[in-house]
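Report on one structure; see the data block that follows.
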Amino acid sequence: MRKLFLLLLFSAIVFSSCSDYSYNDYTEASSYRTPEKPEDTLFSHCAWSLDEVCLLTNLLETDEEKKLFIAESIGNNSFENINEWNGNIDFGKYPPNGSSSSTNIKDAWISIAYIDPSVYDNGTYILNETSNWTIKHDFSFVVDTRKLPGDCKSNFRICGYDYDILVNSSSSQINATMNIQSEYQIDRYHWVVHCSMFSCWVTCDYYRTDTFTDHLTVSDSKNIRYENFTINSNYSVADYYNNLAEVLVDVNNSRVYFDIGNSSFSKETYEYRIRYENAPYNILVKEIIPVNQTSFYGISILDRDDSIFRLLVPYNEDCTLTIAGHFISQSFSGCNATASNHTKTIEEPETPEICNSFFYAVSLFVALYILYLFFRGRISHA
């Protein structure tokens, strides 16, 4: 009977063995602390840099103004500078956008930290076919290894944890999900009283094995759309006279620039500023600011018909129309004012007939008077 009991006990321990996990590190509950917020990366950048940008920030009043000024200076509207800055940011355990906790999984978070290249537009990130996203995450596996109430001994066996990250993307959204599983076991021992015919004694005997599993899922998402860069703008030389040209520029794209010689014309519906996200790590991204502005130099705008501008410019064969998107631009060059449909001759204004008759009469009178004076002089000297 005693052998049978020992066999059953051994079997129970074997059957409650740990599952296989990839990671076994953990933190004692008594020593775990919620991650502290690190120093702001933009301010730490200026803590060791004494360049003009950082010195000028002292003239600004609020931290938000200073951070925006530094971010603009670092980004400088360049995707290369922005990506270099973002790639050098050291993400720690502190959650940039909030975290979740369960019994044993603490302060878990996942973030689609940045997309390169991308442009932020009112809650949506505009991408192109080369855009890549970077995922950051963190969490802690925490176990309370204190002896359980009622046990004379509690033997903790830390099985470990695993996690997987799944990223799904569509034409309108990116979703990143992290699933975390953890497990630990406790071999529990209770005091047991044993008695024989003559005496009783107490031993700390194996009681049972309890298994504690935990599971937590955290996620992050970003709304996206892909830029559809199409050429919908054009230009043409409508008329040419006296080294001046009338040029029609049809601006159906958001950012159009026309140059002819030293003269220029532009029409823009937005401009950029640098946005910082995931404070205090401060990921940088271009942000669209809506505008509706037209600028020109050395050009007169004769009129406008919907999207078509009629410009009067000093003629030059060096013409360029540039259509700019967020990531690429395309240009068309060359002016041709020699074609008959692009050229017109300026005619001299006609003189009224009455003016011509009067002119001839005056001329005849003057001529006769001069002849009269000439012959009169010769006769007087004869």
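The values are calculated or read from the model by the stated rules, or taken from the named source; none is laboratory data. Worth saying up front: this structure is predicted, and the values here are computed from it rather than measured. Heads up, the Cβs are rebuilt from the backbone with ideal geometry, glycines too, and the neighbour counts pull from every protein chain shown.
Looking at the range 93-118 only, could you name the residues that are out of contact with any Gly (no Cβ under 9 Å at 6 or more places or on another chain) and under 14 Å from residue 283 (Cα atoms)? Residues satisfying the conditions are 95, 96, 97, 111, 112, 113, 115, 117, 118. Being surrounded by 20 or more Cβ atoms within 10 Å (Cβ to Cβ), touching a strand residue (DSSP E or B) at 6+ places or on another chain (Cβ under 6 Å) and not in a strand (DSSP E or B) is a description that does not apply to residue 235. Take residue 36 and decide whether it is within 30 Å of residue 181 (Cβ to Cβ), surrounded by fewer than 11 Cβ atoms within 10 Å (Cβ to Cβ) and at pLDDT 90 or above. Judged against the criteria, residue 36 is a match. Of all residues being of a type in the set (Asp, Glu) and part of a helix (DSSP H, G or I) in the range 39-75, which is surrounded by the most Cβ atoms within 10 Å (Cβ to Cβ)? Just the residue, please. Looking at residues that are of a type in the set (Asp, Glu) and part of a helix (DSSP H, G or I), I get 72.
The test for being surrounded by fewer than 16 Cβ atoms within 10 Å (Cβ to Cβ), aromatic (Phe, Trp, Tyr) and within 23 Å of the chain's Cα centre (by Cα) holds for residue 226.
State whether the residues of the range 333-346 include one that is surrounded by fewer than 17 Cβ atoms within 10 Å (Cβ to Cβ) and either at pLDDT 95 or above or in a strand (DSSP E or B) (or both). There is at least one residue in the range 333-346 that is surrounded by fewer than 17 Cβ atoms within 10 Å (Cβ to Cβ) and either at pLDDT 95 or above or in a strand (DSSP E or B) (or both).
Scanning the range 94-111 for residues that are surrounded by fewer than 21 Cβ atoms within 10 Å (Cβ to Cβ), at pLDDT 95 or above, in a loop (DSSP other than H, G, I, E, B) and not β-branched (Val, Ile, Thr) gives 94, 99, 101, 102.
Counting the residues of the range 291-324 that are in a strand (DSSP E or B) and surrounded by 11 or more Cβ atoms within 10 Å (Cβ to Cβ) gives 20. Set side by side, the residues 270, 276 differ, and just one is out of contact with any Phe, Trp or Tyr (no Cβ under 6 Å at 6 or more places or on another chain) and either more than 26 Å from residue 91 (Cβ to Cβ) or in the same structural domain as residue 134 (by TED's automatic domain parsing) (or both), which is 270.
Summed over the range 35-62, residues that are farther than 19 Å from residue 161 by Cβ and either in contact (Cβ under 8 Å) with a residue 12 or more places away in the chain or hydroxyl-bearing (Ser, Thr, Tyr) (or both) total 17. Of all residues in the range 249-271, those satisfying the criterion of being surrounded by 16 or more Cβ atoms within 10 Å (Cβ to Cβ), in a strand (DSSP E or B) and of a type outside the set (Gly, Ala, Ser) are 249, 250, 255, 256, 257, 258, 259, 260, 265, 267, 268, 270.
For the range 112-124, filtering for residues that are closer than 16 Å to residue 172 by Cβ and surrounded by fewer than 20 Cβ atoms within 10 Å (Cβ to Cβ) leaves 5. Scanning the range 149-195 for residues that are assigned to a strand (DSSP E or B), exposed (fewer than 14 other Cβ atoms within 10 Å of the Cβ) and at positive phi gives no hits.
Scoring residue 217 on the criteria (1) under 36 Å from the mean Cα position of the chain (by Cα); (2) outside the structural domain of residue 162 (by TED's automatic domain parsing) leaves a single failure, condition (2).
If you go through the range 156-203 and keep only what is within 30 Å of residue 129 (Cα to Cα), touching a Phe, Trp or Tyr at 6+ places or on another chain (Cβ under 9 Å) and among the hydroxyl-bearing types (Ser, Thr, Tyr), you end up with 163, 169, 171. Just one of (1) among the basic types (Lys, Arg); (2) at pLDDT below 95; (3) in contact with a Gly (Cβ under 8 Å, 6 or more places away or on another chain) fails for residue 273. It is (3).
Restricting attention to the range 114-148, the residues being in contact (Cβ under 8 Å) with a residue 24 or more places away in the chain and assigned to a strand (DSSP E or B) number 21. The lone criterion from (1) among the aromatic types (Phe, Trp, Tyr); (2) part of a strand (DSSP E or B); (3) out of contact with any helix residue (DSSP H, G or I) (no Cβ under 6 Å at 6 or more places or on another chain) left unmet by residue 198 is number (2).
For (1) in contact with a strand residue (DSSP E or B) (Cβ under 7 Å, 6 or more places away or on another chain); (2) within 20 Å of residue 214 (Cα to Cα), each residue gets a yes or a no:
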site: 139; (1), (2): yes, yes
site: 147; (1), (2): yes, yes
site: 151; (1), (2): yes, no
site: 169; (1), (2): no, no
site: 177; (1), (2): yes, yes
site: 180; (1), (2): yes, yes
